[in-house]
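Quick note: the coordinates plus some simple rules give every number you see, no bench work behind them. Worth saying up front: this structure is predicted, and the values here are computed from it rather than measured. Every residue, glycine among them, receives a Cβ derived from its backbone with ideal geometry; neighbour counts consider all protein chains shown.
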Amino acid sequence: MADFANVQPDKYMLLGCNFSAGRPFGIRGVTIHHMAGDLTGDQCNGIWRGAGTSAHYAVDRNGYITQHVNDTDRAWACGDGIGTGRGNDTTISIEHANSGSNPWTVHEKAIESGAHLVASLCLYYGLGRPEWCKNVFPHRYWSSTACPGELAGSQRDHYMQRAQAWYDAMKSGSAPAPSASPVQPAQGTTAASGGFSASSGARVPVHYSLHLKGGGWLDEVTDFGAGDNGFAGYPCRQHDLLCARVDRGTLKYQVHTIEDGWLDYVTKGDRNDTVNGCAGIVGHTIDGVRMYYVTPNGEEYKQAWYRSQTTARAGWLGTVCDDGSTYGGDDFAGMYGEPLDRLQVCITDGNPY
Ligand SMILES: [Zn+2]
């Protein structure tokens with residue numbers, strides 16, 4: 001049994017490599033991860049040794065806690081480097097064993113034990129009561145990744161309630177009320193199409209419009225809604241320029257044309273600047289769009305979710321998330337050789353469609 005009061009794990013199994021010594025930036029929070037697997041501490045060490053990564057703790061399917069890197073050193077877990085003053089430098093990383101992969105859910109015993117560990121770390125290091133994105137961060141807060149799966153989705157509120165219950169109980173020297181039965185992810189509500197987690201509804205407004213080939217600019221659309229605001233583009237027509245901008249952060253986007261292939265990325269949205277303010281070449285037919293959203297520092301990670309239709313077939317093509325690297329899916333919207341006639345974009349934290 002782990003000694004939570006003194007932040008001692010069930011077992012030490014120090015990796016001995018893939019970490020940076022010391023804590024020059026202090027300890028300011030905890031980062032939670034999922035293993036992208038259902039692993040023991042020993043198996044984690046084997047994988048991390050080969051992958052050049054690590055984490056401080058791993059919690060297995062039975063809630064058993066192994067420590068791999070000392071709290072006083074920096075694990076290589078958050079994908080944001082060393083010396084940046086961000087996740088790896090300032091937080092303690094905890095990995096949790098998955099019970100499913102579509103979507104990535106975590107075992108209940110791993111949640112209970114992981115949340116207890118979060119509480120004890122918050123208390124021991126004086127970080128305050130556990131709060132999401134204040135002292136408890138999802139891996140994807142720090143860098144582009146799907147980690148920690150449903151721990152940042154359908155299981156997040158349950159996890160944080162348990163972390164707070166344990167914190168309050170440890171602080172007052174009592175035992176917390178037993179865990180209410182966990183929320184079971186309901187198919188169709190938490191698993192949106194393509195196995196993506198559903199959006200929480202938090203958005204960064206994105207404004208975008210398409211230019212008709214041989215015509216003018218069509219009305220600008222914000223996010224996507226119903227009716228006229230449902231998409232950018234004109235059904236069954238061809239388009240040659242795309243202009244897009246966001247209220248915060250940076251949206252990189254590029255288009256593929258039938259005549260030229262992929263054109264350079266642009267990062268501005270200004271319809272009067274057809275060189276740097278839009279993607280495309282006047283008179284050339286767009287058949288593909290690729291986007292990538294860069295979240296501003298200090299904000300919870302969001303991504304560009306987008307999809308398109310073509311003049312050659314009915315219905316929306318598959319949803320794309322950013323450049324495809326996060327989920328390993330399609331990395332652009334469209335179908336080569338088929339003019340793109342409708343586009344929907346949303347900047348959010350899960351599938352909005
Ligand atoms: Zn992670």
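Shown in residue order for segment 23-39 are the 3J(HN,Hα) couplings computed by the Karplus curve 6.51 cos²θ - 1.76 cosθ + 1.60 at θ = phi - 60°: 9, x, 9, x, 10, 10, x, 10, 10, 9, 9, 10, 6, 6, x, 10, 10 Hz (x for Gly and Pro). State the Cα centre-to-centre distance between segment 275-293 and segment 129-174 in whole Å. First find each Cα centre; the distance between them is then 40 Å. Computed from backbone phi with θ = phi - 60° and the Karplus coefficients 6.51, -1.76 and 1.60, the 3J(HN,Hα) list for segment 336-353 is 3, x, 10, x, 7, 10, 9, 9, 10, 9, 8, 9, 7, 10, x, 5, x, 9 Hz; x is used for glycine and proline. Here's how it looks for Ala304: its modeled amide H is under 5 Å from those of Tyr293, Asp322, which are all 5 or more places away or on a different chain. State whether segment 4-185 is rounded, prolate or oblate according to the following rule on the C-alpha gyration tensor (a ≥ b ≥ c being the square roots of its eigenvalues): a/c under 1.5 gives rounded; otherwise a/b larger than b/c gives prolate, and the remaining case gives oblate. Judged from the Cα gyration tensor, segment 4-185 comes out rounded (a/c under 1.5).
Near Gly100, the amide H atoms lying under 5 Å from its own belong to Thr105; only residues 5 or more places off or on other chains count, and H is placed 1.01 Å from N. Only one residue of Gln309, Ala163, Met291 has its Cα farthest out toward the positive end of the dipole of the chain, where Lys and Arg carry +1 and Asp and Glu -1 on Cβ, and that residue is Ala163.
Taking the Cα centre of the chain as reference, the dipole from Cβ charges on Lys and Arg (+1) and Asp and Glu (-1) amounts to some 520 debye. What FRET efficiency comes out for the pair Ile281/Thr222, r = Cβ-Cβ distance, R0 = 22 Å, nearest 0.05? The formula returns an efficiency of 0.30 here.
Database remark: amide H of Gly29 closer than 5 angstrom to the amide H of Ile92 (H placed geometrically; neighbours at sequence offset of 5 or more, or on other chains; Pro and chain starts carry no H). Take each peptide in 253-265, 133-145, count the other Cβ atoms within 10 Å of every residue, and average; sorted highest first, the result is 133-145, 253-265.
Using only the Cα atoms of segment 239-329, build the gyration tensor, take square roots of its eigenvalues as a ≥ b ≥ c, and label the shape rounded, prolate or oblate: rounded if a/c is under 1.5, else prolate if a/b is larger than b/c, else oblate. Oblate is the answer for segment 239-329, as a/c is 1.5 or above yet b/c matches or exceeds a/b. Summing charges over neighbours of Gly215, with a neighbour being any other residue whose Cβ is under 12 Å away from its Cβ, gives +1 when K and R count +1 and D and E count -1. Relative contact order, whole percent, for segment 203-348 stands at 25, derived from Cα pairs under 8 Å and 6 or more residues apart. For the chain, modelled as a GNM whose springs connect Cα atoms under 10 angstrom apart, the maximal fluctuation among Leu317, Leu15, Leu340 occurs at Leu317.
Mean separation of Cα pairs under 8 Å and 6 or more residues apart, divided by the residue count, gives the chain a relative contact order of 13 percent. When the chain is treated as a GNM with alpha-carbon contacts under 10 Å, the residue of Asp341, Asp223, Asp247 showing the greatest mean-square fluctuation is Asp247. Each residue of segment 127-135 was assigned a 3J(HN,Hα) from its phi angle through the Karplus curve 6.51 cos²θ - 1.76 cosθ + 1.60 (θ = phi - 60°); the sequence is 8, x, 4, x, 9, 4, 6, 10, 9 Hz, with glycine and proline shown as x. At a Cβ-Cβ separation cutoff of 4.7 angstrom, cysteine residues of the chain with no neighbouring cysteine are Cys17, Cys44, Cys78, Cys122, Cys133, Cys147, Cys236, Cys321, Cys346. As a rough guide to protection, the peptides 206-218, 105-117 ranked by mean Cβ packing within 10 Å, highest first, stand as 105-117, 206-218.
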